[in-house]
Amino acid sequence: MPIEIINNGASLKIKNGAQERNIMKSHIREIVVVKNNTVKIDIGKGALYNVFIPYADVLQPTTASPEALKDAINDMLTVITQGMEHQTQNEEITKLNQMNETLSTIRNSVSSLDNKVFFEPALVDESNPNIIYKGYANPGAKMEEPVWAIQKISYTDDVCTYQWADGNKDFDNIWDNRTALVYA
């Protein structure tokens with residue numbers, strides 16, 4: 001009976017006549033050629049749950065050999081994301097973990113704003129009589145880390161000027177570098 005193997009998004013659809021079976025791609029552990037003419041799809045639940053596909057019965061995809069069929073099925077496991085190259089599921093999981101870390105950083109920054117971080121500076125440098133530097137950061141921030149928003153207050157001829165490092169209130173400056181930073 002002719003067998004069709006179809007890439008069905010998150011699963012592989014295997015049609016054998018009137019029977020259809022969907023195998024979640026995330027469940028597939030290994031695809032190998034056994035007995036020189038059969039492709040085995042191992043879904044990691046023991047020998048009785050493996051799927052054995054006789055190469056000679058496969059109508060779709062058409063390939064030149066059992067080895068080529070195995071490669072074609074492996075290619076179907078590749079996830080295609082819009083605007084990006086082909087990536088495997090593990091690469092996608094890695095990217096999701098990186099996004100989770102970024103979201104955690106954003107969450108901490110928002111939390112610091114909720115804690116009124118801009119009401120009081122964490123550090124103040126008044127060593128120069130005409131310039132005051134105020135550093136804003138989360139509690140416990142190290143002075144050598146780029147986690148500071150730094151304000152410079154200058155006094156010239158009874159005029160007070162307020163400027164921020166890099167011209168913004170982003171938490172991306174190093175407190176130890178405050179005198180060398182560009183303020184706007």
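Here are the numbers for this structure:
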item	result
Qualifying residue in the stretch 31-52 (condition: of a type outside the set (Val, Ile, Thr), more than 19 Å from residue 1 (Cβ to Cβ), touching a helix residue (DSSP H, G or I) at 6+ places or on another chain (Cβ under 9 Å) and assigned to a strand (DSSP E or B))	yes
The stretch 54-95: number of residues that are modelled with pLDDT under 90, more than 21 Å from residue 15 (Cβ to Cβ) and not in a loop (DSSP other than H, G, I, E, B)	9
All positions within the stretch 1-21 that are within 17 Å of residue 54 (Cβ to Cβ), touching a helix residue (DSSP H, G or I) at 6+ places or on another chain (Cβ under 7 Å) and surrounded by 12 or more Cβ atoms within 10 Å (Cβ to Cβ)	3, 5, 12
Counted residues, the stretch 13-27 - those being modelled with pLDDT under 90 and closer than 18 Å to residue 68 by Cα	0
Any pair with Cβ under 9 angstrom, 6 or more apart, that starts in the stretch 34-48 at a residue that is acidic (Asp, Glu) and ends at one that is loosely packed, with under 15 Cβ neighbours inside 10 Å	42/29; 42/30; 42/32; 42/49
Residue that is surrounded by the most Cβ atoms within 10 Å (Cβ to Cβ), among those in the stretch 123-168 that are of a type in the set (Gly, Ala, Ser) and either out of contact with any Gly (no Cβ under 9 Å at 6 or more places or on another chain) or not in a loop (DSSP other than H, G, I, E, B) (or both)	165
Every residue from the stretch 96-145 that is in contact with a Ser or Thr (Cβ under 7 Å, 6 or more places away or on another chain) and at pLDDT 85 or above	130, 131
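The values are calculated or read from the model by the stated rules, or taken from the named source; none is laboratory data. In this text, all values refer to a predicted model and were calculated from it rather than measured experimentally. Here the Cβ is made from the backbone with ideal geometry for all residues, glycine too, and neighbour counts use every protein chain on show.
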